[in-house]
Amino acid sequence: MRKAGYGRWPGRRGEADAEARPARSGHVSQKPPEAVGLEAALALAIQYVVSRPRTAHEVRQKLARSGVDEAVLASVLAQLQERSLLDDAAYTTAYVNSRLHNRGYGPQRLSRELQQRGIGRALIDDAVQHNLETDDVLAAARAQATKRWIRLARDDDPAKRRQKLYDFLRRRGFASAIVQQVLTELAEDCTPD
């Protein structure tokens with residue numbers, strides 16, 4: 001005679017035991033996060049901001065994912081701004097200068113990236129217009145074009161090579177007029193005298 005709770009096959013548990021067994025790691029039910037208090041939310045936000053500069057939008061998302069309610073979130077953001085730990089204008093200026101000089105991104109791509117990070121359009125326009133000199137943008141475009149032109153040397157068709165370089169610089173975020181100017185300069189430099 002069989003004991004109660006066992007199935008038809010040896011080693012298999014019956015349905016009565018299934019409820020008592022712990023769930024597998026992949027099937028654990030997710031409980032909603034518990035409400036986070038002001039002090040804990042502030043500590044979490046400070047830790048998040050100190051690791052690297054963040055936008056108010058990024059901090060808001062992080063705290064919301066951690067279960068911070070809207071009233072506490074607004075208070076934490078205000079305290080971070082009072083302590084100068086959160087400043088979207090300074091973040092935007094530093095981001096624009098860094099990405100232009102270190103990565104060689106143009107103004108259009110920088111604007112797109114800042115919008116994705118939750119920066120307002122007015123701050124973006126201000127940072128791009130006031131912090132990016134035309135000469136700096138042109139120098140970055142020239143540097144990117146020169147590096148890419150060498151890599152495109154194996155392409156025999158000059159029109160195709162030029163089009164690929166044009167597309168590359170446009171993807172990097174440079175305006176069409178700047179790209180045309182750089183391409184004209186490259187063509188003049190590469191033609192034998």
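Quick check: from the Cα gyration tensor, does the stretch 31-142 come out rounded (a/c under 1.5), prolate or oblate?
prolate
Please give the solvent-accessible surface of Arg52 in Å², to the nearest 10, using a probe radius of 1.4 Å with every protein chain present.
Approximately 100 Å² for this residue.
Go through the stretch 99-114 residue by residue and turn each phi into a ³J(HN,Hα) via Karplus (6.51, -1.76, 1.60, θ = phi - 60°); whole Hz please, and just put x for glycine and proline.
6, 5, 7, 8, 9, x, 8, x, x, 5, 5, 4, 4, 4, 5, 5
Based on a Kirkwood Rh over C-alpha pairs, give the Stokes-Einstein translational diffusion coefficient of the stretch 102-193 at 37 °C and viscosity 0.692 mPa s in µm²/s.
Value of D from the Cα-based Kirkwood radius: 233 µm²/s.
Hey, if we sort Glu188, Glu58, Glu82 by accessible area with the 1.4 Å probe, largest down, what's the order?
Accessible-area ranking of Glu188, Glu58, Glu82, largest first: Glu82, Glu188, Glu58.
For Ser84 and Arg151, compute 0.36 nm times the residue count separating them, minus their Cα-Cα distance, and round to one decimal in nm.
Residue separation times 0.36 nm, minus the Cα-Cα distance, leaves 19.7 nm.
How much of Ile178 can a 1.4 Å solvent probe reach, expressed as accessible area in Å² and rounded to 10?
Approximately 30 Å² of Ile178 is accessible to the 1.4 Å probe.
The values are calculated or read from the model by the stated rules, or taken from the named source; none is laboratory data. Small disclaimer: the values here were computed from a predicted structure and weren't measured. For accessibility, only protein heavy atoms count, side chains too; no ligands or nucleic acids. Shrake-Rupley method; radii C 1.70, N 1.55, O 1.52, S 1.80 Å.
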